[in-house]
Structure formats: structure tokens, C-alpha cells
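Read the figures in this text as sums done on the coordinates, not as results from a lab. Everything quoted here is computed from the prediction, not taken from an experiment. No Cβ is skipped: glycine too gets one built from the backbone with ideal geometry, and neighbour counts run over all protein chains shown.
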Amino acid sequence: MEVRPLFPALDRQIYGKPLIYFDNAATAQRPRSVLELQDRMCVEANGNIHRAVHRLSADATELYEAGREAVRRFINAPARENVVFTSGTTASINLVASCFAERYLTPGDRILISEAEHHSNLVSWQLACERHGASLEVLPVDEDGDIALPELERRLQAAEGRIKLVALAHISNVLGVVNPVREVVDIAHRHAVPVLLDGAQGVVHAPVDVQALNCDFYAFSGHKIYAPTGIGVLYGKRKWLDAMPPYMGGGEMIETVSFEKTTYAPLPLKFEAGTQNYVAAACMAPALELAQRMAEDEALQAAQRTMRDYLLEELRKIDGLRLYGTPREAERKIPLFSFAVEGAFAGDLAQILDKMGIAVRSGHMCAEPLLRRYGQTSLLRASLAPYNTLAECETFVASLRRAIKMLR
């Protein structure tokens, strides 16, 4: 399967050099199929969804719900009612943090997260705990970036009945390590504790079957898996979505309204107040169709593993470079590499690489506590997608060596 021609952004030149885009964990580039649907909807189907009876509204509604059905199939949700559209992973997690906490969290309760969480899966629960007199329980990660399942079991046993939910990244956006999420869910459920998985990276790099995982909530963003920005997904088991109060009030999420009492629309509209980003939601269909095709292409997947193994080997050869997220099983590492280089500030390296045509990320990656755990304030991150190539990896390594030499 020829992937690169499907992504027009990859043809761009940066400072006279071919673009090497290695910041896919932040946002992925968009294929022509998504760009074309965006343009077509803005011209031919720009009508507010679910409301009017005119043709533009009907067409927009049909495309919007087709996007929902594409999500349902991609993650194997049991029904479309389990799939709530939001503005992104952050909004999805905040929805649960607000609504689940409102229904279930009381003073003295705890929410268990890991030391490797993105701020979206940390600060949202901090806010919920502050509102309800609860607290965070933090599960540590080891030097390789792994969580300890026996420690999870011990924490749940020690706080039996007080831990109300486990919120964990499927894959850390810093470490690139696939967490044993099925085992986490099994352990938590033995203690009658529901589990939310932050799937912002997981949905891109691992097969996601929410029924097989048996997780209670799964959150992810469209823009990391080739759709536009401004669209996200919250999968939830129906028993939780039914029990939780709405997140926002307004149009679309209501059944009847009076000054005395309002009743709410059935799922999933109960959580979709106001005018949704119907163009971006519709674009989930072509984006996920392409993602599925790439996931099923054995040659592409083999190339991804080759690039991962190459970068793991070559980065370890660079003097003074420390790589974070090195699980003992190579198959649990995605092609995402966060590292620090002795004597070279990450932000300076990122700027020099940019001048060489290479886009990478630098900073705390929205995971300050994790960086502090490793004694760092800033890292450099290179994250790959199926449209990247081994030749780009070779250029990246050579360019990184040059950049380090310039700073030492």
C-alpha cells in the first residue's frame, strides 16, 4: 500500500529541505479523503444537524451519524448509543471526571491514576477530587516505564471500597509503552472498580476492541488518527452513561423543557449539547477507514517495526543520550521516542532540527510529574506514523548527531 501520496502535507519543503514530520503523537497529518470531505461538506452539506427538515441539514446529519457508526465499528462498541462525540480526548475525560464524580464521588474517596498520565488525565481528576473532598492515589512507574500490576492489586485491596475509578493511559504519550490494560481492567473489576482508558495514543498504535478490553470508558481524539482537530470520542458502557448526569445543558441534549423541569434526550445526545463539530465528526469515517487499511497492511506494519527497532538501536549509540520508555518486551514499544541528551537542551535541539526540515516535539509533553520522576524538566520526542520511512529515520539520526555536536 502506497501511503505517502495520500497525505499532501508530506510534499512540503521546510527551509528548502523535504519535510520529515516526526511529531505525530501531537497531531497526525490528514489524507486527501478527509480533506475532500471537509471541503465538500462546507459547500454541499453545511446545515445544522438533527434539527431542520431541509436537505442540507439532512445530508449533514447523515454524514455525522455515519462518522459515529465508523467509530462504533472501529472500536467494536456494542451500539451507537455508546459513542459520544466531544471536542477531543481532553473533553472526553473531563466529561467523565465531572459527571461520574457528581454521581459517585464522596468525601474520602479516591481516584487511582498512574505516574505517567497526561495532564488531561490528571488535572481533570484533581479538579473533581477538589470539588468532592476526594483525593488522588498515584500508581508509580519503574525505570523502564512499566506499571506494576501487583502494586495495583495491593492499592485496591488496601483501599477497598474507597477507590471509585482507575484512570490510566493505554499508551503513554511520553514513554511509548503499551500498558497491560486488559489485566488492569480485570484486576480493577475484581474489586468492583470501573476503568477509564486514555486512548489518545492507544487508538493509533494498538488494536482497540472495547468489548474485549471490557473497559468502562475509552477516550480518544480524531486529530491523532488522521481526522480534523476539534473532534473526540468518549466510549462508555451504557450503565454508566445512563446513570451519569449531563455534562452541559442546551440545545439537542433535551427531550422536553419547561420552567419547572427538563427531561433529557436519549443516549448519546444527552451528552452532546449545542451545535456539534459535524464536519469533523463526519470526517472520522474516511480517517478511520484509512487507519483500518493501514493496520491490516502487513508490509506497512513490518516497516513500522523496522523503524522502531532501528531508532531504538541507533539512539542508544549516541553518547550522553538517555531514552525513556524501554520495556523489556520490544513489542510493547510503539515508534515513539522521548529522550534527553547530556549537555544539549531539548528545546535547542528541536530548533536546530527544524532548520534541517525535521519536526519533533520538545518540552514536558503535558506530563510534568512524569518528567520530574525521571529528574528532567524537558525532553525531545520523535513520534512516527505509517507514512514515515526508514530513510527519514536515517536522516533524523544523522541530523540529531550534527545538532548535538553543534551544542557541545
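Separation of segment 160-199 and segment 203-238, taken as the distance between their Cα centroids, equals 15 angstrom. Taking 0.36 nm per residue of separation and subtracting the Cα-Cα distance, full extension of the segment from residue 186 to residue 390 would add 69.6 nm. Straight-line cross-link partners of residue 239 among the lysines, defined as a Cα under 25 Å from its Cα and at least 8 positions apart when in the same chain: 164, 261, 270.
Simple rule: put +1 on each Lys or Arg Cβ and -1 on each Asp or Glu Cβ in segment 34-291, find the dipole, and look at 188, 145, 247; the Cα lying farthest toward the positive end is 247. As a ratio to 2.2 N^0.38 Å, the alpha-carbon radius of gyration for the chain is 1.01.
Taking label points 7 Å from Cα along the Cα-to-Cβ direction, residue 263 and residue 162 give a separation of 4.2 nm. Considering helices alone, the calculated mean residue ellipticity of the chain at 222 nm is -12000 deg cm²/dmol, with DSSP H runs of length four and up weighted by -39500 (n - 2.57) and normalised per residue.
In summary, the lysines within cross-link reach of residue 355, defined as a Cα separation below 24 angstrom excluding same-chain residues under 8 places away, comprise 17, 317, 405. For the chain, the dipole from Cβ point charges (+1 on Lys and Arg, -1 on Asp and Glu) about the Cα centre works out to 480 debye, to the nearest 20. DSSP bridge analysis restricted to the chain gives an antiparallel fraction near 60%, rounded to the nearest 5. Taking the charge dipole of the chain about its Cα centre, with +1 at Lys and Arg Cβ atoms and -1 at Asp and Glu Cβ atoms, the residue from 14, 108, 169 reaching farthest to the positive side is 14.
Projected label points at residue 209 and residue 328, each 7 Å from Cα along the beta carbon direction, are separated by 2.7 nanometres.
Taken about its Cα centre, segment 219-305 carries a charge dipole of roughly 260 debye when the Cβ of each Lys and Arg holds +1 and the Cβ of each Asp and Glu holds -1. Between residue 12 and residue 351, the contour length at 0.36 nm per residue exceeds the alpha carbon distance by 120.2 nm. Taking the chain as a Gaussian network, Cα atoms linked when under 10 Å apart, which of 36, 289, 137 shows the biggest mean-square fluctuation? Of 36, 289, 137, the most mobile in the Gaussian network model is 36.
In plain terms, the chain from residue 58 to residue 248 could stretch by 65.9 nm, reckoned as 0.36 nm per residue minus the Cα-Cα distance.
Go through 94-100, 169-175, 28-34 and give me the packing order, highest mean Cβ count within 10 Å leading.
Details: 94-100: 24.1, 169-175: 27.6, 28-34: 20.7.
The peptides rank, most packed first, as 169-175, 94-100, 28-34.
For a quick check, take a GNM of the chain with Cα springs below 10 Å and name the residue from 15, 310, 278 with the largest mean-square fluctuation. Of the options given, 15 has the highest mean-square fluctuation. Cβ-Cβ distance of residue 73 and residue 401, R₀ of 35 Å, FRET efficiency by 1/(1 + (r/R0)^6): the value works out to about 0.20.
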